1. Multiplying the sequence separation of residue 7 and residue 321 by 0.36 nm and subtracting their Cα-Cα distance, what value in nm do you get?
2. Within the set 68/354; 100/372; 216/372; 172/210; 74/370, which residue pairs have Cα atoms separated by over 29 Å?
3. Using a basic spin-label model with each label point 7 Å from the Cα along Cα→Cβ, how many nm lie between residue 25 and residue 55?
4. Do any GluC sites (Glu not before Pro) in the range 27-85 lie in a loop, going by DSSP, with at most 12 other beta-carbon atoms within 10 Å of their beta carbon, and if so which?
5. Rounded to the nearest percent, how much of the accessible area of the range 1-140 (1.4 Å probe, protein heavy atoms only) is carbon and sulfur?
6. What is the packing order of peptides 293-304, 30-41, taking the mean over residues of other C-beta atoms within 10 Å and listing the highest first?
7. How long is the gain from residue 96 to residue 272 if the chain were fully straight, where each residue apart is worth 0.36 nm and the alpha carbon distance is subtracted?
8. Taking the mean number of other Cβ atoms within 10 Å as a proxy for protection, how do you rank 206-214, 169-177 from highest to lowest?
Amino acid sequence: MAVLNQKSVMDMIREFRRNWHTLCNSERTTVCGADSMLLALQLSMAENNKQHSGEFTVSLSDVLLTWKYLLHEKLNLPVENMEVIDHYEDIRRIYDDFLKNSNMLDLIDVYKKCGILTSNYENYANIAPSQLRDFLCGRQYAVDDETDFCVPTSPMSKHNQDNEKVRLLAKKIIYSYLNLLVNSKNDLALAHILNIPDRGLGREAFTALKHAAREKQMSIFLVATSFIRTLELGGKGYAPSPSDPLRTHIKGLSHFINFIDKLDEILGEIPNPSIAGGRILSVIKMQLIKGQNSRDPFYKAVEEVAQDLDLRIKHIINSQQGDIAVSTTDISPARPKSHAINHGTAYCGRDTVKTLLVLLDEEAASAPTKNKAELLYDDENTIHHNGTSILTLFRSPTQVNNSPVKPLRERIHKSMQEKKIKVQFNVLL
């Protein structure tokens, strides 16, 4: 059986994009690649363990065992002789809910949804379920690909493994910003970038947002946006209560939301997707390298990745324009002239979003990371840049209920901190 390469997976995703209005509820639904699928499964298993044993954690061996079973089960491959972990049905439900709430579809969902398109099924009928399973497992890497959609091969990255890790980190961060910009419900993307660069939004801030999002049944980003908008537009009358855990993170959340607003403004005000895409990447780059030493590996990696993605965006646009030139347009010549005017105003930024979606789809079609332990548990790659592993971030800090009265010195310190926060809040208003 032929090796399933990145190009074949990307062709399948393109088929899905062409028929998105039939297959999903939103044009901005993003595709969850192999690595993100594994991270989502890890979080789902940890959440399931918390519900059954009280501890938000999961071992690598259990994740890999369940990963193998999940791929077979979702692809309708034989599972009779496979070992399955306890409470698999609960894990699967949590996993599906996580993707649904984040407005994401994994590659298997895309594959199955494309199967509905019987008229075009021959375009990718050569992809067998076992091939997609092997691709997601990483058994067969894209050795036949002549084109690397995401990052051109760089000779310097092979000289130093540490520099390559930093480059991958920079790439993940920039892609996460683009992902959140396109799909504001993507909690996984937000988790990667909430505190990069350092905004004072560590584990406690993320936990407070996560709990509020769960209580209000909203995405984490929407909770943060709603909280800051209420402060900015509502004034002192809408000030959060002293017991609101988000109150201590007003400054950091304000900086984060205002930065995403700046990216959204570029998206909506610059109609040319090439210029808009380049400007968005430039603003993200400047935010990440601000205050960094130009000789720092992270500084260099961010510059390189931003430049590579800018070139990739231009290539995508050129390819799309070439496709349009040789195909008929889907806009009927009989439509009134007013349609052109309305199209330009109502869909401002839509061309840029579609271009960014292609960029994100190409990343989702990438072969999975070989080192699963490093992907799921290694904190080293992010800790020097104010990051935390995804599992640690989603795990709520330990809280002791019904604890005795705290010492006087600690209570005085807390009171002084609350007064300081109140002053900062009034200054912000």
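The values are calculated or read from the model by the stated rules, or taken from the named source; none is laboratory data. Please read these numbers as outputs of a predicted model, since none were measured by experiment. Note: ideal-geometry Cβ built from the backbone for every residue, glycine included; neighbour counts use all protein chains shown. Note: areas computed on protein heavy atoms with side chains; ligands, DNA, RNA excluded. Shrake-Rupley method; radii C 1.70, N 1.55, O 1.52, S 1.80 Å.
1. Result: 111.1 nm gained on full extension.
2. Flagged as over cut-off: 68/354; 216/372.
3. That separation, rounded to one decimal, is 3.7 nm.
4. Answer by residue number: 55, 80, 83.
5. 46
6. So the peptides 293-304, 30-41, ranked by packing, come out 30-41, 293-304.
7. 59.7 nm
8. 169-177, 206-214
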